[in-house]
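The values are calculated or read from the model by the stated rules, or taken from the named source; none is laboratory data. Because the structure is a prediction, the values reported are computed rather than measured. Positions of Cβ are generated from backbone atoms using ideal geometry, with glycine treated the same way; all protein chains shown enter the neighbour counts.
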Amino acid sequence: MERDIIQKLKIADLRGRGGAGFPTYLKWESVLKTNAPKKYIICNAAEGELDLKKDKYILEHYSKDVISGIKIALKAIDNSSAYIYLNKEYYSLFKDKLKDENIVLIEEDNGYIGGEESALINFIEGKRAEPRKKPPFVSEKGLFNMPTLVNNVETFYYVSKIEKGEYDNERFYMIMGEKIKGGIYELKEGMTIREILKNTKNYLDRPFYVQAGGGACGEIMTEDEFDKPVLGEGFIRVISYEEDPYSLMERWAEFLVNGNCDKCTPCREGTYRILEMIKGRKLDIDKLEEIFLTLEKTSFCALGKGTPIPFRSLIKKVILKNHD
Amino acid sequence: MINIEIDGKKIIADEKKNILEIAIENNIDIPSLCYHPDIYPKEACRLCMIEIEGKRGLFTSCSTYPEEGMIIRTNSEEILKTRKTNLKLMFSQHIEKCNTCLWNNKCKMMKYAKEWGICINEWEDRKKDYPKYDFGGAITYDSSKCINCSNCVDICKNQGIDFLEIENKGSFYSIIPSKNKNKDCVYCGQCVVHCPSGTFSSVDPSLKIEEEIENNKYVVFQFAPSIRTSIGEEFNMEYGSVVTEKIIAGIKKLGAKKVFDVSLGADLVTIEEANELIERLQTKKRLPMFTSCCPAWVKFVEFYKPDFIPNLTEVKSPQILLGGIIKTYFAEKENIDPKNIIVVSVMPCTSKKYEANREELKINGLKCVDYVLTTHELARMFIKNNIDISKIEGENKDELLGIASGAGVIFGSSGGVAESAIRTACYKLLNKKIDKIDFKEFRGHEGIKEASVKINDIEIKIAVVNGLINAKKILEDYPKKFDYVEVMSCPGGCVGGGGQPVPVNKNIRKKRADSLYQIDQNENIRIADENPTVQSIYKEFLKDKRVINKIAYTKFFKKQKEN
């Protein structure tokens with residue numbers, strides 16, 4: 001049974017849908033292979049990214065499939081217990097729907113970083129929700145130091161589809177923007193930005209650019225990059241050139257200042273100074289670049305390391321370009 | 001041991017040590033602020049980044065361990081650049097209040113700022129409206145200086161107190177005193193000596209003391225055993241330098257009328273405590289008996305474990321006992337009105353400030369100790385008055401209360417009180433015919449040391465504890481295993497106290513303690529009972545039970561939350 005599902009996950013080439021895109025079968029394999037008296041399974045329904053609501057959609061419409069995905073893991077992994085880790089809003093919305101005698105629901109209010117897999121484990125252990133140093137990876141040493149499988153809501157949803165033989169390389173995309181209808185769509189993985197927007201009739205009829213991947217952490221892409229696929233959390237923000245890029249950056253910065261864990265200097269203080277500068281609507285590019293480099297190179301976790309991506313790309317591809 | 005290379009230097013390294021420690025041992029300076037060897041690496045400041053050949057990205061050297069053949073660089077252009085930015089960012093959250101800072105002259109933030117040529121106020125201070133807290137009149141917490149490493153939270157937890165907590169509030173977290181009614185500060189001051197940014201400090205009474213001197217009060221100083229081997233550090237002397245006579249000379253220059261040694265108080269404590277121990281052993285009542293000269297430990301029992309109050313020895317602590325003697329016996333002898341005497345203690349401790357204010361310790365309505373300076377605060381007074389301990393000529397202690405035994409001096413290290421008391425117990429029970437003075441089984445800085453001593457047919461099971469969390473363990477897990485337990489709140493005992501100079505670590509604590517034992521070793525008088533000053537005090541003053549009770553004994557009370 002256990003070999004069987006791992007083989008299926010491997011053949012399906014399912015990748016984690018929480019944003020990092022790590023091959024799911026490798027996580028499962030690592031948890032299975034690690035010797036331990038007890039193992040844990042956590043379905044991550046923190047969905048803390050700015051504006052992202054795809055897990056909410058899945059829980060609303062397909063909670064049974066998500067639960068059955070978790071149960072496949074429970075069956076495959078001996079001596080395991082399962083949790084669903086939900087943000088406050090989702091907990092109150094879905095706690096009845098997700099009720100299951102084999103699964104414990106956990107309510108959290110830890111913001112964006114609270115969805116990072118080791119931070120959520122810390123929280124369940126009663127500690128502060130801040131990320132742990134890796135290695136060891138949580139699949140070897142996670143909750144209460146036991147091997148722990150942490151998968152996103154969407155990942156578990158597709159595990160159940162794969163088990164039933166109903167998976168054909170789909171994923172969920174969320175599209176939003178001031179000038180389009182937007183929505184949540186289940187489409188093929190690997191589709192390009194252009195294809196997705198055209199297919200869903202969200203392709204704007206005037207010049208625009210997009211933010212692709214995540215609502216705060218996604219990179220800005222301009223028209224010449226629309227033939228690239230959407231990675232990360234499958235999020236596309238359609239932005240027309242008439243919109244104020246500063247208010248968008250301010251939203252990101254505000255979100256990141258509130259959503260980080262404050263543990264390390266560059267992320268806590270650097271992001272705050274970025275926000276300060278953006279609020280003042282005056283960018284000192286050298287100063288900014290100094291902070292970006294420090295964030296990218298010296299932050300403790302991926303959140304800080306990835307923080308420069310949206311800002312740098314927006315400044316370079318949109319703001320400075322318009323100045324030329 | 002394995003072979004590694006740091007900045008081109010070939011090093012044989014202990015793989016159990018992190019790369020930062022290895023570098024420091026090999027005179028390679030990797031900048032760091034939040035790392036402290038007493039605490040699990042926080043990886044918060046991000047200054048100690050290194051490159052490792054063959055690996056992508058930068059690593060924190062405080063939490064990275066060496067592997068065979070590892071080639072490490074500590075100063076690439078990228079590292080230097082990001083270090084500067086991180087330091088500037090830390091300055092942007094830290095309000096510089098340098099002249100009153102514990103780290104003044106030794107501040108690593110300032111040192112790096114100068115070396116790297118950075119502007120420390122490039123950004124406006126983020127914490128300018130951040131609050132200040134006072135704990136028991138002993139410790140100040142000025143959150144506008146905090147660089148968010150949370151070492152204080154960890155060390156407080158390591159002590160078993162857990163009084164400092166992280167509160168998520170708005171965009172940033174703050175470190176706040178716990179609102180939980182079951183948690184309170186015991187004033188041990190470990191937060192003070194483990195904070196890299198001077199956010200915690202002792203409450204300094206030196207201005208008031210200067211005023212008393214100016215007003216022609218009869219100001220008497222008494223200094224604790226452990227400061228004689230630590231204060232030299234504030235004057236760039238080697239760790240463990242013994243400066244007893246220099247301290248006396250320095251204090252005299254400040255205008256003190258007399259300078260006495262708290263080790264004499266320790267001798268008096270020893271005699272009474274040994275009596276009490278023998279009595280309790282014979283009546284088998286209120287055992288185990290716990291020492292009570294550490295006020296943070298006393299507060300811990302009174303607040304967290306009041307059921308054990310009867311187990312504390314009721315003998316006063318050395319500073320209080322000697323302070324009382326100064327205001328009674330000494331005052332009478334010298335014909336001075338005790339109301340005109342101001343007793344200033346110099347202690348390695350922040351909790352002693354709290355202890356000195358305890359109402360029940362007053363004698364004839366007067367406080368036994370009026371002000372308590374920490375080691376660091378005395379050093380600051382010296383510096384302010386251009387007194388350099390490393391250069392000054394020493395002076396002898398003042399007569400009348402001039403002699404202290406070696407047993408009184410080792411009170412400053414974990415194990416010293418127990419060793420001293422057992423020497424005296426042997427002396428009493430064996431009618432002065434003792435063949436063993438050194439009880440090395442009590443020495444060293446492990447958290448819990450256990451030993452058993454047989455005197456005649458009495459076997460005494462003893463535990464020597466340093467670090468409050470270890471005391472908590474004994475109270476909770478095996479409270480009946482021992483007859484006599486010495487507890488010191490701070491790691492290593494008073495040598496590692498919260499009022500001692502910074503920096504501090506295991507090696508420094510050991511050097512301070514080793515020197516105390518060396519002083520004891522060189523002393524002719526190594527048992528409290530043989531101290532002629534002690535003998536005269538008993539002969540002339542502590543003659544009957546009533547006086548002894550009044551001067552040497554106290555009571556403890558269950559405590560409510562104070563902070």
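The table that follows gives values for the structure above.
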| read-out | value |
| --- | --- |
| Selection status of B:Ile271, surrounded by fewer than 24 Cβ atoms within 10 Å (Cβ to Cβ), assigned by TED's automatic domain parsing to the domain that holds B:Lys473, in contact with a helix residue (DSSP H, G or I) (Cβ under 8 Å, 6 or more places away or on another chain) and in a helix (DSSP H, G or I) | no |
| Segment A:102-115 residues that are farther than 21 Å from A:Lys71 by Cα, paired with ones that are basic (Lys, Arg) (beta carbon under 6 Å, 6 or more apart) | A:Asp109/A:Lys88 |
| In segment B:69-80, the residues that are part of a loop (DSSP other than H, G, I, E, B) and away from chain A (no Cβ under 13 Å) | B:Gly69, B:Met70, B:Thr74, B:Asn75 |
| Odd one out for A:Leu283, checked against (1) touching a residue at least 40 places away in the same chain (Cβ under 8 Å); (2) touching a helix residue (DSSP H, G or I) at 6+ places or on another chain (Cβ under 7 Å) | (1) |
| Exclusive hit being closer than 24 Å to A:Glu47 by Cβ and either touching a Leu at 6+ places or on another chain (Cβ under 9 Å) or in a helix (DSSP H, G or I) (or both), set A:Leu204, A:Leu256, A:Leu231 | A:Leu256 |
| Scope segment A:178-221; condition closer than 15 Å to A:Arg17 by Cα and among the hydroxyl-bearing types (Ser, Thr, Tyr); matching residues | A:Tyr185 |
| Residue list for segment A:211-252, restricted to those being small (Gly, Ala, Ser), farther than 25 Å from A:Asn152 by Cα and in contact (Cβ under 8 Å) with a residue 40 or more places away in the chain | A:Ser240 |
| Within segment B:56-65, considering residues that are crowded, with 24+ Cβ neighbours inside 10 Å and touching a strand residue (DSSP E or B) at 6+ places or on another chain (Cβ under 8 Å), the one farthest from the other protein chains (Cβ to nearest Cβ) | B:Ser61 |
| Considering residues of segment A:270-324 that are outside any helix (DSSP H, G or I) and basic (Lys, Arg) only, the residue surrounded by the most Cβ atoms within 10 Å (Cβ to Cβ) | A:Arg281 |
| Positions within segment B:348-368 being closer than 22 Å to B:Ser230 by Cα and in a loop (DSSP other than H, G, I, E, B), in sequence order | B:Pro348, B:Cys349, B:Thr350 |
| Qualifying residue in segment B:54-73 (condition: touching a Leu at 6+ places or on another chain (Cβ under 7 Å) and not aromatic (Phe, Trp, Tyr)) | yes |
| Scan of segment B:1-17 for residues that are in contact (Cβ under 8 Å) with a residue 24 or more places away in the chain and loosely packed, with under 10 Cβ neighbours inside 10 Å, ordered by number | B:Lys16 |
| Tabulated pairs, segment B:153-166, first closer than 12 Å to B:Ile139 by Cβ, second surrounded by fewer than 21 Cβ atoms within 10 Å (Cβ to Cβ) and of a type in the set (Gly, Ala, Ser), C-beta under 9 angstrom, 6+ apart or interchain | B:Phe163/B:Ser178; B:Leu164/B:Ser178 |
| Residue in segment B:221-230 that is modelled with pLDDT of 95 or more, surrounded by fewer than 21 Cβ atoms within 10 Å (Cβ to Cβ), of a type outside the set (D, E, K, R) and more than 23 Å from B:Thr424 (Cα to Cα) present | no |
| Single residue of segment A:240-253 satisfying the filter (of a type outside the set (A, V, I, L, M) and either within 13 Å of another protein chain (Cβ to nearest Cβ) or part of a loop (DSSP other than H, G, I, E, B) (or both)) that is farthest from B:Arg46 (Cα to Cα) | A:Glu242 |
| Criterion (free of Cβ contacts under 8 Å to residues at least 60 places away in the same chain, buried (at least 24 other Cβ atoms within 10 Å of the Cβ) and not hydroxyl-bearing (Ser, Thr, Tyr)) met by exactly one of B:Lys327, B:Lys353, B:Lys257, B:Lys299 | B:Lys327 |
| Complete set of residues in segment B:89-100 that are closer than 23 Å to A:Arg268 by Cα and away from chain A (no Cβ under 13 Å) | B:Ile95, B:Glu96, B:Lys97 |
| Filter result for B:Leu378 (in a helix (DSSP H, G or I) and crowded, with 24+ Cβ neighbours inside 10 Å) | yes |
| Residue match in segment A:22-38 (condition: buried (at least 19 other Cβ atoms within 10 Å of the Cβ), farther than 17 Å from A:Met146 by Cβ and within 15 Å of the chain's Cα centre (by Cα)) | yes |
| Among the candidates B:Ile139, B:Ile176, residue that is surrounded by fewer than 18 Cβ atoms within 10 Å (Cβ to Cβ) and either in contact with a strand residue (DSSP E or B) (Cβ under 7 Å, 6 or more places away or on another chain) or assigned by TED's automatic domain parsing to the domain that holds B:Lys472 (or both) | B:Ile176 |
| Conditions (1) without any contact (Cβ under 8 Å) to a residue 12 or more places away in the chain; (2) in a helix (DSSP H, G or I): number failed by B:Arg83 | (1) |
| Residues being away from chain A (no Cβ under 11 Å), in a loop (DSSP other than H, G, I, E, B) and among the hydrophobic types (A, V, I, L, M, F, W, C) - total across segment B:138-188 | 7 |
| Unique match (being surrounded by fewer than 17 Cβ atoms within 10 Å (Cβ to Cβ) and within 23 Å of B:Gly497 (Cα to Cα)) among B:Ile383, B:Ile389 | B:Ile383 |
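Every residue, every condition in (1) surrounded by 15 or more Cβ atoms within 10 Å (Cβ to Cβ); (2) within 11 Å of chain A (Cβ to nearest Cβ); (3) outside any loop (DSSP other than H, G, I, E, B); (4) modelled with pLDDT under 95, yes or no:
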| site | (1), (2), (3), (4) |
| --- | --- |
| B:Lys42 | yes, yes, no, yes |
| B:Arg46 | yes, yes, no, no |
| B:Glu51 | yes, yes, yes, no |
| B:Gly54 | no, no, no, no |
| B:Glu67 | no, no, no, no |
| B:Leu87 | yes, yes, yes, no |
| B:Leu102 | yes, no, no, no |
| B:Lys111 | no, no, yes, no |
| B:Asp125 | yes, no, no, yes |
